[in-house]
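Read through the structure below, which is laid out as structure tokens, and then see the notes.
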């Protein structure tokens, strides 16, 4: 594994950790809103937390898959749909 692949895998793992922490932060904010009532600041912070979680999570998964070499399929799809429906079933 090259240095670039290792760095990409590490960055992906760190982004997944940030995603998990942001999700926990969002869940905590939802609980706080249910306990104390919603305010504009709490609602906005909750949306930011869950948005950060989704963004970092997807980016982390893509980086880790890229580092592992499994981001795009390496084989040509030989299914019937790929051949335009040609071929007997």
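Quick look at the numbers
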{"quantity": "Pair list, Cβ under 6 Å, 6 or more apart: the range 49-75 residue farther than 16 Å from residue 10 by Cβ, other residue at pLDDT below 95 and surrounded by fewer than 17 Cβ atoms within 10 Å (Cβ to Cβ)", "calculated": "71/65"}
{"quantity": "Residue match in the range 29-37 (condition: surrounded by fewer than 15 Cβ atoms within 10 Å (Cβ to Cβ) and either within 27 Å of residue 71 (Cα to Cα) or touching a strand residue (DSSP E or B) at 6+ places or on another chain (Cβ under 6 Å) (or both))", "calculated": "no"}
{"quantity": "Answer from 18, 4 - the residue that is loosely packed, with under 11 Cβ neighbours inside 10 Å, under 21 Å from the mean Cα position of the chain (by Cα) and within 17 Å of residue 59 (Cβ to Cβ)", "calculated": "4"}
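The values are calculated or read from the model by the stated rules, or taken from the named source; none is laboratory data. These figures come from a predicted structure and were not determined experimentally. No Cβ is skipped: glycine too gets one built from the backbone with ideal geometry, and neighbour counts run over all protein chains shown.
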